[in-house]
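One structure is given below, encoded as structure tokens.
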Amino acid sequence: MIFQFDSETELIFSALRENLEPDNKVYMVGGMVRDILMNRCVHDIDLSYCGNVRNYAKKVADYLDASFFMLNQKFQTARIIYKSQSGEKRWIDIVATREDNILVDLAYRDFTVNAIAIDLRDRTKIIDPMNGALDLKGKILQICRSDSLENDPVRILRAVRLAAQFNWKISTQTLEAIKNSAAMLMNVSAERKRDELFRIFDLSNSYTALRLLNHFELLEYCIPESNLKNDLALNLRIDQTINTIKELSNFYELIVGQYTLEGAMNIRHAELVSSLGRFRDSLEGYFKNPIHEDRSLKSLINFSILFFDSSQISELPQIEHYHQAKASAELDILAEKAARVLVLSSAEKKWMHAFFTGILIIEKIIQHDTTLNPEISFSFFNRSKFSGIAACLVSLANVLTSNALNLDATIWYKKLQLCRYLIDSYFCHYDEWIDPPIYLNGHDIMRILKIKDGKKVGWWINQLKIETIHGNIKNFQDAVNYLTAQK
């Protein structure tokens, strides 16, 4: 049979064939073919090419008016980034066929379900020397060779991801290879581990994959600074953390995703939907704004939860001895470590610092039974920034998992009320309570108060905002009068 695709994909295929020399061959391979056989939508295109990859990729990119660059010169791997009419980016990855022989190439791939090819010139035939289609039908994840994971240990993480994503059984041989090759993950670059881990964090059932990673004792190799090995107390905490990530996934489906006919799973979920369901559209938009274009916000949140809880308990600022300056310094160190472990961007590091801060502030507000008012919202988001919404949801998930068998209903209702208030403040009163006008700039403040210290200026800016929130400042002259009275 000939597999049919949407018009845009057929256009890309046409460009690939038009620029193919008579003596060269190009094959669809890997996850792309697996998705075709599973009747899943094909987005990114994976190809194996017999010939000069660089020259071919450049010709195709020029033909499609797309961008192109080499991912790996040594292994002749190129990437074409094609932008559709809708503005969506599609990746076309082209890698050199090993020994210019597709059968040899497939034999050296990771798993049999990914060792299937389709000739782009003759799409009627499936090339399947490893019987991958049979394993696909049987939902079995099987390595192609006994040394497959040793040749590329990052495949261990891919095995866990695929097993969790598609509910596949990992074969006995593959399980043994995972155990024998686990320590080799330490030799994999942080960037490659990051990319595979964030794909795991992005799964709708990422908690399943994390349980597998924890069961196989792989987390210590993925996040080496987490000190998980031989620490029973910390491992128990990780179990709870994974449950929090699962609960957060439930939240996502209930108040962000498509609400199902089954509705809420229990009374607490029903209360969550009742309180936060009206923010569904706003929350959906929130999660569509990633901090880094290559990694979703959801995956960053899940990593942050895991890293926060897998760090040594003694390193974390304790809420009963909470001091803002000290806590900020300690959380800055924690965010720096998290960013360094998986080579995250400076923007992601700042987000994590604000996220950790938001979690602790919520605990402090609950502990001190603080009365809710617009100033609380301003103070919270002034320090937690964009991450404050995520901190609210994670704090709620934490309540349901920390004492699942003996839930403190009072704490749950207090947190639910607080988080509803904060989320409403952010989405419905942002310009009034979160970022109100101050009417004066930094130079005005320095001139009126005769100060030059930047930190002091920042402090006075916040004071002006608080007075504006309370309605005491409504214009430029009110702001001048307020500052003049402070001299």
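Here, each number is a calculation from the coordinates, and none is a lab measurement. Predicted, not measured: the structure shown is a model, and the values here were computed from it. Heads up, the Cβs are rebuilt from the backbone with ideal geometry, glycines too, and the neighbour counts pull from every protein chain shown.
Here are the numbers for the structure shown:
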| quantity | calculated |
| --- | --- |
| Prolate/oblate/rounded label for the stretch 1-138 (Cα gyration tensor, a/c 1.5) | oblate |
| Under 12 Å from the Cα of K455 - aspartates and glutamates, other chains or at least 8 residues apart | none |
| Alpha carbon centroid spacing (whole Å) that separates the stretch 30-86 from the stretch 147-220 | 25 |
| Degrees, to the nearest 10: 346-367 long Cα axis against longest axis of the chain | 50 |
| Rounded, prolate or oblate (a/c below 1.5 giving rounded, otherwise prolate when a/b exceeds b/c) for the stretch 442-485 by Cα gyration tensor | oblate |
| Likely footprinting exposure, F378, F386, fewest C-beta neighbours within 10 Å first | F386, F378 |
| Relative exposure of M28, M186, M446, judged by other C-beta atoms within 10 Å (fewest first) | M186, M446, M28 |
| For S299, S7, S395, S282, order by how many other beta-carbon atoms lie within 10 Å, fewest first | S7, S282, S299, S395 |
| All lysines inside 18 Å of K139 as judged from Cα atoms, apart from same-chain residues fewer than 8 positions distant | K169 |
| Modelled FRET efficiency - R0 22 Å, K137 with T172, Cβ distances, 0.05 increments | 0.75 |
| Rg and Dmax [Cα atoms of the chain; Å; Rg one decimal, Dmax integer] | 26.6, 84 |
| The chain - share of DSSP beta bridges that are antiparallel (%, nearest 5) | 75 |
| Selected from S311, N243, V394, residue furthest toward positive end of dipole (the chain; charges at beta carbon) | S311 |
| Cysteines in the chain lacking a second Cys C-beta under 4.7 Å | C41, C50, C144, C222, C428 |
| Lysine pairs meeting the criterion (Cα under 21 Å, 8 or more apart or interchain), as found in the stretch 1-138 | 11 |
| Cross-link reach list, lysines versus K246, counting only Cα pairs under 16 Å and skipping chain neighbours closer than eight places | K298 |
